[in-house]
Structure formats: C-alpha cells, structure tokens
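To start, the structure itself, in structure tokens.
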Amino acid sequence: MANIPPNALFSALSFIGFVLATVPICWHLRTSNSGICLFLAWTSLGCLVLFINSIIWNDNVINWAPVWCDITARYLVGSSVGLPASGLCIIRKLFRISRLSSLRPDKHDNRRELWIDLAIGLGFPCLIMALQYVVQGHRFNIVEQIGCFPATYTTVAALVLIFVWPVVIGFISAVFAVFTFRAAYYQKTLLDEYLRTSCEISANCYWRLMALCVTEICCTIPCGIVAIVLDTMNGQVHPYISWSNVHADFSRVGQYPTVVWQSSSITAAGVEITRWLYIFCAFVSFGFFGLGEEARESYWYALRATTRAVGFLYGWVTRKSANHKDLQSLQMGESFGVAASRMKSSPNHLPTMAFARQSVHSFNSIHSQTIAPDDSRGSLLPSPRNEVESV
C-alpha cells in the first residue's frame, strides 16, 4: 500500500488554501487584472471542492450526491486546463506591458483584452469540459478519501483532447515568458518609469506576477508530463473503437475503496499529485500576493467595511427594537382608550356616575357643615349684622 499523507491533514490544508486563494481576489478585481483573478478563482474553487469531498467521503464510497459528483468531476477536468490557461493570460499581460511601444490607453483595447483573457482562461477550459464527454467511459468515480473523480477512458483520443493541453499551454507560456524577460532586460529603465507613472500595476506587483508565472510554468509542464506517463504506463492506453464502445454502461459509478486505489503506487501517485497541486497553487499565490502592500490595504479596507456593516446592523436592530416598544405602548394606550369609551357608552355606567355624584355632594355638604361659622357657639369674628346695628 502506498505511503500517503493522512486525509485529515489534506482536509485542513485544503480549507486553508481556499481561504488564502480567495483573499487576494478583492484588490485584483479593483485593478482589473483578469488573468490573476481567473487563476485565483480556479484555485480557490478547486480547494473548496476537494475539501468538501474529503469530508463527505472520508471513510466510505457511497454515492451520496450524484448531481454534486457530476458537477465537481467535470470541474476537475476544466480546472486542470484552467490553471495553466490563466497563467497564460497573466504572462500575456506582462508581455504587452514589457512592449512599451504597443501600449495605448484605449478603453476599447482594454475591453478587447478582457474578452481575450476570458476566452483563454474560462472559455477554453469549458470547451475541454464539454469535450471530455467524448472519452468519458462512465458517469464518474468515487474514490475513498478523495471523493468524486472524473472517469476518462484512457485512449489516444483522450490524450489529444484532455491530457496533452496543460503541457501545450505550459510551453506557450514559457515562450511568452522568455520574450517578456528579454524585453524587460533591454528596456528596464523605461519599463520601471512606465510602471511607476502610467501602468495600473506597480513595479513590485509586476515582478511578483512574473515570479508566479515562472513558478506555474515550472510546475505545469513537469506535472503534465508525469500525468501522461502515469496514464500510459503498463499498456493502459486503449484504442478508441467507437462511440458506443466507449459509452457502454455509461450510467455506472465506479467505487474504489482505499485498499484498492492505494494498492497501486502509480494510481496513488497520480491521484495525490492531482489534488495536492491545488493546495500548492493556493499557498504560492498567497505568498506572492497575500502579503504585499496592496493586500494589506485591502485588508484594512475590508476591516473598515465590516466594521461599518456591523455598526449599521446594530443601529438597525436597536431602532427596530425601540420602534417595537413604542408600538406596544401605543397599542396599550389605545386599549385603555377603548376601555374608557366602552364604559361611557355602557348603560350600567349611568347609575354608577349618579352614585358617584351623590357621594361627592354628600361629602361636600358634610364638609361645609363642619367648617361653617356658627353664631350660637360664639364666633370670635364679629357678625356683619352686629356691625351694622352698632353703626
């Protein structure tokens, strides 16, 4: 059995890779750097998909989610081409920047370059995902600890349609990288001046993008060649007889426990290289772009935006609670008013009010009799009548 890292370690690192690859997308979107955004998007989604699969199928090969496997297995096919294609978009942009004479501050030119990047970094991988159906032997595979995996019938057609493209794109990117380094070497002074004054990216970001492209090329070409060699070893390349032969029993789902796929060192090496490559890309991309000055500014911007959002949410909840209390008080006041109006309109209310008026009148009479002056008792004040008689 092959000696591979534990699945729990992969689950933890794949989730961390998803977070690290997602963070730098924020400020690259603001700089309209479509190539690096596509590269980070393919990487982060790949880490997320493999993280979820490693959790669900950690110790089983049960077909829990057929539709999810249909989508993610196809995605893994596209991302194997999307990552090197995104690297090609990045190196194309750097090559255009290095050729200062070809740059024009034209909005239409920028829009055209955006559509070209989307066609290379997104459209071409989607085309490969569609073409994979031509050499898809059955619906998908479920590999224990790995999860959903594409089921590509290894034929000469599969080598041409699927497996060879990462290597081809890697070589094209290598050619662009050579010309870019050559132009940057001979025009270093003018290039530094342009990056400092007129370009949308800084000189530091330019050279970090260049380093990322070189790293991606150095990984894509060897890994693509190794994948082709592993798939063609031991006479595993079958002839493409016919469409019906390839798609016979197409609805079948291959289920491979750990004891099966780890028993072959070649199979285990191919599967492990495929999934650990996404984590490597995530950590490398974050190392180049997640710790720079632009990234730190984006972190502060995100922190301020989050603080404002939390403050707004707290104020909204507080105002809503206060309005709710006011509404309850108003409803209670209206209830008392309704009760009073009902008492006034009730027939039993009249005797009660008459008795109350009579009680008040009796109280006033008793009170007046108590404090009224009485002449027979010998008042200290002279009577007005006696004053008149004395006058």
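The values are calculated or read from the model by the stated rules, or taken from the named source; none is laboratory data. As the structure is a computational prediction, the values presented were derived from the model and not from experiment. Here the Cβ is made from the backbone with ideal geometry for all residues, glycine too, and neighbour counts use every protein chain on show. Note: accessible area is taken over every heavy atom of the protein model, side chains too, but ligands, DNA and RNA are not part of it. Shrake-Rupley method; radii C 1.70, N 1.55, O 1.52, S 1.80 Å.
Descriptive notes on the structure:
- Of the residues PHE18, PHE140, the one with the largest accessible area comes first in the ranking PHE18, PHE140, computed with a 1.4 Å probe on protein heavy atoms.
- Across region 7-305, Cα pairs under 8 Å and at least six residues apart give a relative contact order of 28 percent.
- The accessible surface of region 177-257, taken with every protein chain in place and a 1.4 Å probe, is 62 percent carbon and sulfur.
- LEU313/THR154 FRET efficiency (R0 45 Å; Cβ-Cβ; nearest 0.05): 0.25
- Overall form of region 7-305 per C-alpha gyration tensor (a/c, 1.5; a/b vs b/c): prolate
- Projected over all directions and averaged, the alpha-carbon convex hull of region 232-282 occupies 5.5 nm².
- Solvent-accessible surface ranking, highest first, for ARG196, ARG208 at 1.4 angstrom: ARG196, ARG208
- The accessible area of ILE25, taken with all protein chains in place and a 1.4 Å probe, comes to roughly 30 Å².
- The listed residues LYS107, LYS320, once ranked by accessible area (1.4 Å probe) with the largest placed first, stand as LYS107, LYS320.
- Share of pairwise Cα separations in region 1-138, more than 17 Å, in percent: 68 percent
- For q = 0.11, 0.21 Å⁻¹, Debye-computed log10 I/I(0) when each Cα of region 98-217 counts as one equal scatterer: -0.59, -1.28
- Solvent exposure of MET129, expressed as accessible area, is near 30 Å², computed with a probe of 1.4 Å over the protein chains only.
- Bridges between two residues of region 7-305, per DSSP, are antiparallel at a rate of about 45%.
- Based on protein heavy atoms only, region 7-305 ends up with 47 Å² per residue of surface accessible to a 1.4 Å probe.
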